[in-house]
Amino acid sequence: MKSYETEYGILKIGPKDELLQEALELAFEHFETIEKEHVSWALTGGSTPKDFYRWIVEEERLPVEVMDRVLWTTSDERMVPLDSEENNFGNADRLMLKPLEAIDDAKYPWPTELEPHAAAQAYSKAWDKAVGEGKAYDVCFVGMGDDCHTLSLFPGSPLISDPVESTFAAVEVPGKGWRLTLTPAGLQKCGRVVLMTLGAGKADALKSVLQGDYDPLNKPSQSLKAVADRAFWLVDEAAAAKLEL
């Protein structure tokens, strides 16, 4: 695996299996620096996380001592029921948390049964009670789309053009409906941020984000620049193919 320093964080390039292992080690490494009893880990959505969950279960990569410490959630969510295949937390629960017998008290899904703004407020209240008022995640996993979005921050997002101070928010995404998400302000409250993006379909976006003009409104993944000192980008050779390194 090759590593490079960028203005958006540490870039690591390697094969998928090594990147999955690296993602896990980055989380474990950070948790070891935290003295409090419980730590928080926000997972993300998409096809790569599903593979990550299956790999963890099949390879038995999450030791009991880690499972006993973690409070689980997701960094953003679609407004669909928990049992939907489109629900980020639901997928994490079905594919990893239930097979590993994580206790229900350690699970913090977004309450998508509520109206969007009420859901964001209820989640924020529950999270404040669990980890402390105004705090985000000890480890935050995110992805990047071929349109340069991350979390539920899509190009033109009002959460970027008109920033809010809240850690979490509901936002309507044209053509995609309502989403619940960690905000840019919330991202800055995270302890460690790990972005993974794979495949040739992400190559143009990755080059534009890491080596193009700074324009976070249209390239929301550039919001990670604010947390570059604790951000890691895990990408495969196909996604990195157009980078000038």
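Principal axes first, then extents: for the Cα atoms of region 160-245, list largest minus smallest coordinate on each axis, whole Å, largest first.
37, 32, 21 Å, listed from the longest principal axis down.
Send over a whole-number figure in Å² for the accessible area per residue of region 127-217, probe 1.4 Å.
40 Å²
Could you look at the chain and say what percent of its accessible area is carbon and sulfur, using a 1.4 Å probe and all protein chains?
After summing per-atom areas, the C and S share lands at 48 percent.
For the chain, what does the relative contact order come out to in percent, with C-alpha contacts under 8 Å and a separation of six or more?
The normalised contact order for the chain reaches 25 percent.
Among residues other than A42 whose Cβ falls under 11 Å from its Cβ, what is the net charge (Lys/Arg +1, Asp/Glu -1)?
Net charge in that neighbourhood comes out at -2.
Report Rg/Rh for the chain, rounded to two decimals, where Rg is the Cα radius of gyration and Rh the Kirkwood radius.
Over the Cα atoms of the chain, Rg/Rh equals 0.93.
Just want to confirm a number: the relative contact order over region 43-91, from Cα pairs under 8 angstrom separated by 6+ residues, in percent.
43 percent
Which residue, K50, K189, K176, has the most motion in a Gaussian network model of the chain that connects Cα atoms within less than 10 Å?
With Cα springs under 10 Å in the chain, the top fluctuation among K50, K189, K176 is at K176.
Pull up the DSSP beta bridges for the chain and report the antiparallel fraction as a percent, rounded to 5.
The antiparallel proportion sits near 40 percent.
Give me the Debye-computed log₁₀ of I(q)/I(0) at q = 0.10, 0.18, 0.20 Å⁻¹ for region 98-224, equal point scatterers on Cα only, no solvent, two decimals.
-0.34, -1.04, -1.22
Rounded to the nearest 500, what is the 222 nm mean residue ellipticity of the chain from helices alone, with -39500 (n - 2.57) per DSSP H run of 4+ residues and division by all residues?
Mean residue ellipticity at 222 nm (helix-derived): -8000 deg cm²/dmol.
Output the pairs from K176/K202; K135/K242; K16/K125; K36/K225; K2/K207 with a Cα-Cα distance over 26 Å in this structure; if there are none, say none.
K135/K242; K16/K125; K36/K225
The values are calculated or read from the model by the stated rules, or taken from the named source; none is laboratory data. Only a predicted model underlies this, so the values are computations on that prediction, with no experimental measurement involved. In this analysis, Cβ positions are derived from the backbone assuming ideal geometry, glycine residues included, and neighbour counts consider all displayed protein chains. Each accessible area value is taken on the protein alone, full model and side chains, heavy atoms only, with ligands, DNA and RNA left out. Shrake-Rupley method; radii C 1.70, N 1.55, O 1.52, S 1.80 Å.
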